[in-house]
Every structure is written in C-alpha cells, then in structure tokens.
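The values are calculated or read from the model by the stated rules, or taken from the named source; none is laboratory data. This one's a predicted model, so the numbers in the text were calculated from it and none came from an experiment. Counting neighbours? That spans all protein chains shown, and the Cβs are built from the backbone with ideal geometry, glycine included.
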Amino acid sequence: MTDLTFSGLGVAEPILRALAEENYTIPTPIQTRAVPALLGGRDLLGIAQTGTGKTAAFGLPLLQKLSIGHVPPKPREAKSLILAPTRELAVQIADSLKTYGRFLNLRIAVILGGVSQNSQINATKNGVDILVATPGRLLDLVNQRHIRLDTVSTFIVDEADRMLDMGFIRDVRKIVAMLPKDRQSMLFSATMPDDVVKLVGDMLRQPERIEVAPQGRTADRVSQVLYFVPAMQKRQLLIELLKDLQMYRVIVFTRTKHGANKVAEHLNKSGVQADAIHGNKSQNARQRALDSFRSGKLRVLVATDIAARGIDIDDITHVVNFELPNEPESYVHRIGRTARAGAGGAAISFCDGSEKNYLRDIEKLTRMKIEVVPHELPDLTPEQIKQMNEPRPAHGHRHGGHQNKGGGHNPHAPKKKNGSRPHWARDRDNNNKKRGAAA
Ligand code: AMP
C-alpha cells in the first residue's frame, strides 16, 4: 500500500520542513503517483487540472533535483523551464515554488508578456535555476539573446490545452525545438485534444501517465453515500436499491473478475438485465456487453477496475462500489464515471466489516468523509451473526455471500477442491497482511 506521507514518497528534508509549515500533511493523489516517478527520472503526462495539487506534484521533485549537488547557474542560463499559458498561472506557480523551496538556495524568475521587459532581463542576467514563463515573451527574450535555453535539464508545460485555446501551441513547439534532447519533461493538461496528443508524442519519452479526476469538482457533483452492510447481505441490498427506477444506467464495481460474474448472475436471476466485463472475457464478449449497456438494453454493467479503464459512456446515473477498492485512487476513478460532461451523478458504496481499512484510506485520500446511510434490510438472524463471528480456519472456506442458497457460511459445506479461500478473501490476502480471523 502507498505510504501516504511526503517523506514516504522520497521528498527530502528542507522541502519537508516547508511543507510542514504549509500544513501539507497528506499528499494528494497526483502527488502520490507523480513524485516517486519524477524523482526516478521519468517523463510524465499528467491529465489533471488546477485544484488537484499538480504544482507540488511537479514542483517538489524539480526543487529536489535542482538542489542536489547544486551548482549555481551561469549568466543568462536557465536550468529548468516551466511554461504556463497565462500570467496569473505563471505567477502562481513561481509563488508556490518559492514557498516549497523556501529553505533551498535556488534562483526563481518569472517572464511575462504585457509588462516592461527590463526587470525580467535583470532577473535572468545572472542565470536562474527555475524560469517560469509565458511562451511569447520568452521567445522574444531568447531571440534577443537575453536568455539561453540550451542548458535546460527539466522542462514542464502546464495547462497544455489552454495553450492551444490561446494560440500558443506553435510557440511551445518552437521552444521545445531549442531545448537539449537529453532532459526530463512533463506535460499537464485537463483535456487531451489532438494537438496536445501530438505535442505529447513529440516532447515526452515513454511518460508515466497519471490521470486524476478533478476531485473538488467531482465531489461537488457526485453525491456519495455509504452503507455499512455485511458481505452476506450485499447482493440483497443491491437488488433493493435497484427497485429505484432512477437508477437506469448503473456500473457496479467489484474487486475481482469472479465477483463480477457472480453479481451479474445474481442480478439476472433477480430480473435485472446485467452483464459483466473483465479481463477473462473475450474482446467480442466485452464489446457486446458494452454496446448493450450503451444502447440501454442492459441496465447494469458489472466491472472490475481494470476492465472499466478507458470506457467512455455518458449518462451513467449511478456507480455502485459493491466492494471497496483496495487502492484508494480507484475510488476516485470509479466515481468519476458518473457526473461526466457536467452532469450530476451518484456513487453508492457498500462496506463490510473487513473493508473498513479501505474506507479509511479512501477518506484520507479524498480528504472528505462519505455520508453513511442506514439500510432497511432485515437484521441478521442470531444464526447468521454467529456464522459471521465464527473463527475461520486460515485455509478453510470462508463465506462468500451465498445467501441466495439460504444464508451465509455453511461450516459443513464441502471445501473447494483446492482448499483455497474464496476469490475476495484471496485477493485481500494478497494485498494486505493477513487479518485476524474475526476481522
Ligand atoms: P494546484 O492544483 O497545484 O493549483 O493546488 C491546489 C491547492 O491545493 C493549492 O492551494 C495548494 O496550496 C493546495 N495543496 C496542494 N497540495 C496539497 C497538499 N498535499 N495538502 C494540502 N494542500 C495542498
């Protein structure tokens, strides 16, 4: 599991001190993924917008790289370059970097159009470690030989789609052509129009691709609720909820392929049109399921996280987390499937006793508490409660939600052929330390 501290991500001491002063205690999702990749020297494509913490995601590794074995820049030279489409953004980036790099001795300068160039020439005369610039004015100053770009070792393009909207993409290309080939590059964009995709192809080398849902905005538009429900009652709860006909295009997420099949089967038996997509299905079968879901023939698509990646379907009314993901980032991806294109949406999560740690990780990552709502299912019978609390043998068969066969774990049921644990328990075992029998 990811270590959710900046120090765990590899950020070094003087920067950690600045972050602590800013009360940044938990890295945001994009920071969690970008910082280690960038510290490892990778190029990066970040599909993210302002508000996700992307400035620190690229800024912290940049500051760290420049400060290790720091050699002061030579006159007119820039060691790193950040391009931003607007003056406001350029100033904001420079301010953030000055804050995060407060205890480092690095020179940071900003170059903007629309103001006199003299003070900017002065600020770069002795060379800079970090240059934040809008493209037009930068080209002017480079062409006048006030600034050299042939020593840039780290290059960042922020808000590339806005560069395109504002007509700067040609200037960006010209600047890329002036840079040394041997460099680390990053590009951030909230959307990926064709011209940005082309730019990515030209300027990044096998980039790490990180896409984060715009959290603030997703959280605003997606209503999120959570039911605490025993595993053995999850299917029943799903059927109850689906009585609400407003749930007409629903994605149900399970952690495993086997789980996806089981849920889809159960829905069909209960009269809800559903199909499952996951990695074990042929491309044709997946395509058929997707087409039927898109056309409205299927009301529910049951999917694993991997299978759902890259699927673009509008008008999904509800996302149901039948099982909470063991990677908290997946929660953000999952709920981002609803509320596309500005529409509202709803995310409903089921959490059984063994998933409380996953819930804690999700709430830590999204920095919000999911509203808990009570369900109206009948209470478990004393017999069921007894079964639930029974110590389970380490390798025996655990209940796997066979409530359709008359309720829960049957200690006398034959062991699976290989004596293995049910799919979900195995999955969990692989990802977490083994929990106690009564977890
Ligand atoms: P950005 O997306 O880079 O514009 O950042 C959005 C806002 O989140 C800024 O106000 C940052 O100061 C703040 N921020 C970024 N990372 C963190 C963090 N890990 N903890 C708290 N605040 C943060």
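Does Arg42 fit the bill of being over 26 Å from Asn105 (Cβ atoms) and more than 16 Å from the ligand (Cβ to nearest atom)? Here the answer is yes, as Arg42 does meet what is asked. Of the residues making up the range 164-206, just one is under 20 Å from Ile147 (Cβ atoms), among the small types (Gly, Ala, Ser) and assigned to a helix (DSSP H, G or I), namely Ala177. Could you tell me whether any residue of the range 234-241 is among the hydrophobic types (A, V, I, L, M, F, W, C), in a loop (DSSP other than H, G, I, E, B), surrounded by fewer than 23 Cβ atoms within 10 Å (Cβ to Cβ) and assigned by TED's automatic domain parsing to the domain that holds Phe293? Looking for residues that are among the hydrophobic types (A, V, I, L, M, F, W, C), in a loop (DSSP other than H, G, I, E, B), surrounded by fewer than 23 Cβ atoms within 10 Å (Cβ to Cβ) and assigned by TED's automatic domain parsing to the domain that holds Phe293, one finds none in the range 234-241, hence no. Take Val272 and decide whether it is in the same structural domain as Asp352 (by TED's automatic domain parsing), of a type in the set (A, V, I, L, M, F, W, C), part of a loop (DSSP other than H, G, I, E, B) and modelled with pLDDT of 95 or more. Yes. Residues in the range 357-379 that are modelled with pLDDT of 85 or more and either touching a Ser or Thr at 6+ places or on another chain (Cβ under 9 Å) or surrounded by 13 or more Cβ atoms within 10 Å (Cβ to Cβ) (or both): 10 in all. Criterion first (in contact (Cβ under 8 Å) with a residue 60 or more places away in the chain and part of a loop (DSSP other than H, G, I, E, B)) does Leu104 satisfy it? For Leu104, the condition - in contact (Cβ under 8 Å) with a residue 60 or more places away in the chain and part of a loop (DSSP other than H, G, I, E, B) - is met.
Scanning the range 1-20 for residues that are within 11 Å of the ligand (Cβ to nearest atom) and either closer than 18 Å to Lys65 by Cβ or of a type in the set (Lys, Arg) (or both) gives Phe6, Leu9, Val11, Leu19.
Scanning the range 148-162 for residues that are under 17 Å from Pro207 (Cα atoms) and among the hydroxyl-bearing types (Ser, Thr, Tyr) yields Ser153, Thr154. The single condition among (1) in contact with a His (Cβ under 7 Å, 6 or more places away or on another chain); (2) closer than 24 Å to Pro328 by Cβ that Arg235 does not meet is (2). Report yes if some residue within the range 309-325 is closer than 17 Å to Asp244 by Cα, surrounded by fewer than 20 Cβ atoms within 10 Å (Cβ to Cβ), modelled with pLDDT of 75 or more and not small (Gly, Ala, Ser); otherwise report no. Yes - at least one qualifying residue is present in the range 309-325. Identify the residue in the range 58-82 that is within 16 Å of the ligand (Cβ to nearest atom) and aliphatic (A, V, I, L, M) and, among all such residues, is surrounded by the fewest Cβ atoms within 10 Å (Cβ to Cβ). My answer is Leu62. Residue count for the range 21-33 satisfying the condition of being within 11 Å of the ligand (Cβ to nearest atom) and surrounded by fewer than 17 Cβ atoms within 10 Å (Cβ to Cβ): 4. Only one of the numbered conditions (1) of a type in the set (A, V, I, L, M); (2) part of a helix (DSSP H, G or I); (3) within 15 Å of the ligand (Cβ to nearest atom) is not met by Ala37, and that is (3). Is it fair to say Thr99 is surrounded by fewer than 19 Cβ atoms within 10 Å (Cβ to Cβ), within 15 Å of the ligand (Cβ to nearest atom) and over 25 Å from Asn143 (Cβ atoms)? When the stated conditions are applied, Thr99 passes them.
Taken as a whole, the structure places Thr55 among residues that are surrounded by 16 or more Cβ atoms within 10 Å (Cβ to Cβ), touching a residue at least 12 places away in the same chain (Cβ under 8 Å) and within 14 Å of the ligand (Cβ to nearest atom).
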